[in-house]
Amino acid sequence: MNSALQCLVHTPQLTTFFLQDYSKEINRDNMMGTKGELAVAFGELLRKVWSPKSSPYSPRSFKMKLSRFAPQFSGFNQHDSQELLAYLLDGLHEDLNRLKTKPYIEVKDEDGRPDEEVADEYWEAHRARNDSVIVDVFQGQYKSTLVCPVCSKVSVTFDPFMYLSLPLPTNTRTMTVTVISSDGSSPPKAHAVVVPRQGKCRELAKAVGNSCGLSTDEMLQLFQLKSQHLLEDTLGLSTIPDTDQLVAYRLPRLSESAQFVAFIQEQLEEKDRFRVPFIIPIPPEGFRTGEDIKCAFEKLLSQMKTDSEMFDSDMQDRASSDCPFSLWTTDERATKSHLIEFDKPIPSDLYPARINTKYTYVLVEWSDRVSEFYDLSFLDRLPDVCKAATSKKLRQEAVSLYTCLEAFLKEEPLGPHDMWYCPRCKQRQQASKKLDLWRLPEILVVHLKRFSYVRYQNKLETFVNFPIHDLDLTKYLAHRSVPQQHEYELYAVSNHYGGTGGGHYTAFVNLDLDGQWYNFDDSHVTPASEDHLKSPAAYVLFYRRKKNTDNATSNGQLSPIL
C-alpha cells in the first residue's frame, strides 16, 4: 500500500486537487461509490503527508477505511500494488463523479463512418456518464477492432482505459547483431535484442533498429556469416544457430530500384578473405571514376581510423601508392576481374551486374600496411548470436518497454472462452482482436504483467528497459491528428522484490522541487540516482505528459513520507 500511495500522492494533479477545497466535488449519491467516504479518507491522508511537518505518518485510518469497502485488502498480508491502484482510482472516480445521474446513451454502429467521428461519439458518451478529476487525469481511449473469421465482419469500438497492462515476452530469444553504418557516422557496435523465438528476420531488424536509434529514413540489411548471404525479411529466426554471427548494415532508405555495392575483402599477403563485406548505396548518378568509389569506401571506414593525423598526412595524395588498399571489379565469389584505377573512369564490367541484381561487388585487396590506417580487429571478434558469456547488463537492456507495448497491441485471436457474437453470422465466433491507442491521458500508468496464473502463480523477473525522460508514443497512436504532446517522462515507479509468496514493495519518486529521485522504503527515504530505477523489480510505471519548460510548474512542497 505504501508503494502505491507514494506514487499517487506525488501525482501533481491529485496533489493540487486534494489540497484545495474539493468538498463540492464529492458525490454522496452515487450507488457505485462509497458515499464519498473513500475520497474523504484519501484527501485527509494526502493533506497529512503534505503538511509542513516532516515526520513519518502511518496511514492506519486510511487502511481501515479501505479495508471496510474492499475486504480483499484487509489484514496484514501482502497485497498487489497494481490491484490496489486499480481499485483506488476507480473508487475515487465514483466518489468524485460530478454527474449525479448517469443518462442512458446508445452509441450508434460505426457503419462506415470515419474513425474520428465514431471515436469522438464514444468519448462524449463516456464523459456524459463519467466526469471526475480521475477521468480528467488518468483516462485514455483504445480503438478495438474485431474481425469475424467466417464472414469478415469488422466491428470497431472505442473504449476508455485507466492504465496499460503490458505483457512481458516469454517465448522469446536474445540475439546479438553487430551494426555497421554505411556512411561512417558511427563505429561498429553489437546490440543484443529480444525477439519472438519463432519470428522472422523482419522482426529482428525492427528490434535492432529500435536499439540503435534507426530513423524513419533508414533501413537495416542483415547478413549471416555462416551462409555468407544477405538475409530475406521472411526467413525464420529459428534457422539461425546461436553459434553464428550476424551483421546489420545501416543504410539510407531508398526506392525499391536502388542498388548497392558490396565490398568483399581479402589481405594481399595471406589471401585470407575477411568474412564480413561492407555495403554502401550506389548514388542515383552512379560512380563516374575510381576516385568516387574510393571516397565512398573511405567514408565508410572513417570511424575505424587508427590515427587521424597520420592518416591525413599519408593520404594527401589520394592516388598515390601509399593507399592501403586496391579495388577490383569482382563477383559474389570474389573472382578478381579488372583493377579500378582511381584516376580513370569506372571499368565497364562494374555496372552490367546492376541490371539484374540489387548488389554489385567490389574486391578490396588490403596491403600489409592496413593496420597503420584502420583498426579492423572487430571483424575477428564478432559476437555470437547468443553466447553464454554475454554480460548480464547486455541481456538486461534487451527487452524494451516498446517491445512490451507492441506485444500488447499485436493482433491476436480471442480465446475459446471469450468468443465474440458476430451480428452478421448470428453466432459466437473466435474473432481476431486488434488494439490501438487512440487518446492518451495526462498521467499514463503502465503495469508490467510480472505475475502470471496458469497452474500456479509465477513471477517473471524479466528486465524491462523503459525510457525515463523520453517515452514517445507518437507512432503507436492510430489517431495522430490530436493536437497534444505524445511524449512522456517518468516520475514514479512501484517496485516489487521477491517471489509470489511474499516479497517487499518500494517506490521511486522524482520530486518537482529539486528534480531528485528518492527511494521510499516504508518509513525510510533515501536519495536515489537514475541508475537505480531500472531493475527486474520495476512493476508499475507512472509517466506524465511532457510540457514546455516555460509552462512547467512546481508545487513547491517538501517530500511527504508515509
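The residues in the stretch 160-179 that are assigned to a strand (DSSP E or B) and in contact with a helix residue (DSSP H, G or I) (Cβ under 8 Å, 6 or more places away or on another chain) can be counted, and the count is 12.
Listed by position, the strands (runs of 3 or more DSSP E) enclosed by the stretch 417-519 that each have at least 2 residues that are under 23 Å from Lys534 (Cα atoms) and modelled with pLDDT of 90 or more are 443-449, 487-497, 504-510. Taking the stretch 47-157 as the region of interest, the helices (runs of 4 or more DSSP H) fully inside it that hold 3 or more residues being open to solvent by 40 Å² or more (accessible area, probe 1.4 Å) and touching a residue at least 12 places away in the same chain (Cβ under 8 Å) are 60-69, 115-127. Could we say that Lys206 is touching a Ser or Thr at 6+ places or on another chain (Cβ under 7 Å) and open to solvent by 50 Å² or more (accessible area, probe 1.4 Å) here? So Lys206 does not fit the description; no.
For Val509, the conditions (1) of a type in the set (Val, Ile, Thr); (2) touching a residue at least 60 places away in the same chain (Cβ under 8 Å); (3) open to solvent by 50 Å² or more (accessible area, probe 1.4 Å) all hold with the exception of (3). Those residues that are at pLDDT 80 or above and open to solvent by 100 Å² or more (accessible area, probe 1.4 Å), I need them from the stretch 373-411; list them, please. Lys410, Glu411, listed by residue number.
Which of the residues belonging to the stretch 245-268 are at pLDDT below 90 and either under 16 Å from Asp380 (Cβ atoms) or touching a Cys at 6+ places or on another chain (Cβ under 6 Å) (or both)? The answer is Gln265, Glu266, Gln267.
All of Val156, Val137 fail the test of being assigned by the TED database to the domain that holds Lys449, more than 23 Å from His447 (Cα to Cα) and in contact with an Asp or Glu (Cβ under 6 Å, 6 or more places away or on another chain), apart from Val156. Scanning the stretch 1-24 for residues being more than 30 Å from Tyr539 (Cβ to Cβ) and either open to solvent by less than 60 Å² (accessible area, probe 1.4 Å) or not basic (Lys, Arg) (or both) gives a total of 3.
The values are calculated or read from the model by the stated rules, or taken from the named source; none is laboratory data. All values derive from a computational prediction rather than experimental measurement. Cβ coordinates were reconstructed from backbone atoms using ideal geometry, including for glycine residues, and neighbour counts include every protein chain displayed. These area figures cover heavy atoms from the full protein model, side chains too; ligands, DNA and RNA do not enter into them. Shrake-Rupley method; radii C 1.70, N 1.55, O 1.52, S 1.80 Å.
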